[in-house]
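Below are the structure tokens for one structure; questions will follow.
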Amino acid sequence: MRLVIQRVSEASCTVDGVVTGEIKTGFMVLVGIGLDDNVEIVEKMANKFAKLRVFEDEQGKMNLALKDVGGDVLSISQFTLYADCSKGNRPSFNLAMRGEDATKLYEHFNECLRSLGLKVEIGIFGADMKIRLLNDGPVTIIMDSERI
């Protein structure tokens with residue numbers, strides 16, 4: 001599982017002109033599900049994500065988590081995080097989990113975050129989404145389940 005996490009002042013997702021998710025302070029996270037991912041990995045990543053301390057405290061140090069700042073999450077499914085560009089010029093996505101199984105794990109990730117007390121807005125799995133965000137910092141963190 002791969003997450004690209006951006007600390008944002010605001011973020012939104014629009015599909016076919018309709019806003020499907022919108023947040024102010026928080027994280028916009030791109031969520032990639034790989035072939036070897038499972039419920040255990042998703043839960044481990046959700047717990048780590050929810051406790052990530054990258055918001056500034058009163059001393060200006062990155063020491064606060066989402067809950068500490070009243071932040072929300074905009075979660076966007078993103079199979080292209082598993083792009084393999086090692087051969088040729090057209091990426092292969094053979095390492096990304098397909099369809100129904102990936103959808104279930106993506107939805108489970110979002111439910112895990114909600115069970116941890118976070119407000120989670122979403123895009124639409126597999127849709128052509130338009131994402132707007134104002135990156136705060138900028139702060140961008142990449143989490144990979146192979147390294148956690």
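The values are calculated or read from the model by the stated rules, or taken from the named source; none is laboratory data. Every value quoted in this text rests on a predicted model; they were computed, and no experiment measured them. Quick reminder, even Gly has a Cβ in these numbers, built from the backbone with ideal geometry, and neighbours come from all protein chains shown. To get the accessible areas, we keep the full protein, side chains included, count just its heavy atoms, and leave off ligands, DNA and RNA. Shrake-Rupley method; radii C 1.70, N 1.55, O 1.52, S 1.80 Å.
Among the numbered conditions (1) touching a residue at least 12 places away in the same chain (Cβ under 8 Å); (2) in a loop (DSSP other than H, G, I, E, B); (3) surrounded by fewer than 17 Cβ atoms within 10 Å (Cβ to Cβ); (4) not small (G, A, S), tell me where K48 comes up short.
Checking K48 against (1) touching a residue at least 12 places away in the same chain (Cβ under 8 Å); (2) in a loop (DSSP other than H, G, I, E, B); (3) surrounded by fewer than 17 Cβ atoms within 10 Å (Cβ to Cβ); (4) not small (G, A, S), the one that fails is (2).
Identify all residues within region 83-118 that are in a helix (DSSP H, G or I), among the hydroxyl-bearing types (S, T, Y) and over 15 Å from V42 (Cβ atoms); write none if there are none.
none
Only one of (1) closer than 24 Å to I131 by Cβ; (2) assigned to a strand (DSSP E or B); (3) open to solvent by 10 Å² or more (accessible area, probe 1.4 Å) is not met by N63, so which one is it?
Answer for N63: the failing condition is (1).
Would you confirm whether or not region 73-92 contains a residue that is under 19 Å from A11 (Cβ atoms), more than 18 Å from the chain's Cα centre (by Cα) and open to solvent by 40 Å² or more (accessible area, probe 1.4 Å)?
Scanning region 73-92, I find no residue that is under 19 Å from A11 (Cβ atoms), more than 18 Å from the chain's Cα centre (by Cα) and open to solvent by 40 Å² or more (accessible area, probe 1.4 Å), so the answer is no.
For region 110-134, name all the residues that are of a type outside the set (A, V, I, L, M, F, W, C), over 19 Å from M97 (Cα atoms) and touching a Ser or Thr at 6+ places or on another chain (Cβ under 8 Å).
Of everything in region 110-134, those that are of a type outside the set (A, V, I, L, M, F, W, C), over 19 Å from M97 (Cα atoms) and touching a Ser or Thr at 6+ places or on another chain (Cβ under 8 Å) turn out to be E121, K130, R132.
Could you count how many residues in region 103-148 are open to solvent by 50 Å² or more (accessible area, probe 1.4 Å) and aromatic (F, W, Y)?
1
From the list E10, E22, E40, which one is surrounded by fewer than 21 Cβ atoms within 10 Å (Cβ to Cβ), farther than 23 Å from D68 by Cβ and acidic (D, E)? Can you show your working first?
On the way: E10 fails: farther than 23 Å from D68 by Cβ; E22 fails: farther than 23 Å from D68 by Cβ.
Matching residue, one of E10, E22, E40: E40.
Then there's this: Can you report the number of residues in region 32-45 which are outside any loop (DSSP other than H, G, I, E, B) and within 15 Å of C112 (Cα to Cα)? Full working, then the answer.
Here is the first cut: in region 32-45, the ones outside any loop (DSSP other than H, G, I, E, B) are 32, 34, 39-45.
Right, trim to within 15 Å of C112 (Cα to Cα) and you get 39-45.
Residues meeting the conditions: 7.
Evaluate the following for V29: is it surrounded by 22 or more Cβ atoms within 10 Å (Cβ to Cβ) and either part of a strand (DSSP E or B) or modelled with pLDDT of 95 or more (or both)? Before you say what the answer is, go through the steps one by one.
On the way: surrounded by 22 or more Cβ atoms within 10 Å (Cβ to Cβ): yes; either part of a strand (DSSP E or B) or modelled with pLDDT of 95 or more (or both): yes.
Criteria met by V29.
Which pairs do you get when a residue that is of a type in the set (V, I, T), found in region 98-111, comes within reach of a residue that is open to solvent by 10 Å² or more (accessible area, probe 1.4 Å), reach meaning Cβ atoms under 6 angstrom, with the pair 6+ apart or on two chains?
As it stands, the answer is T103/F125, since those pairs meet every condition given.
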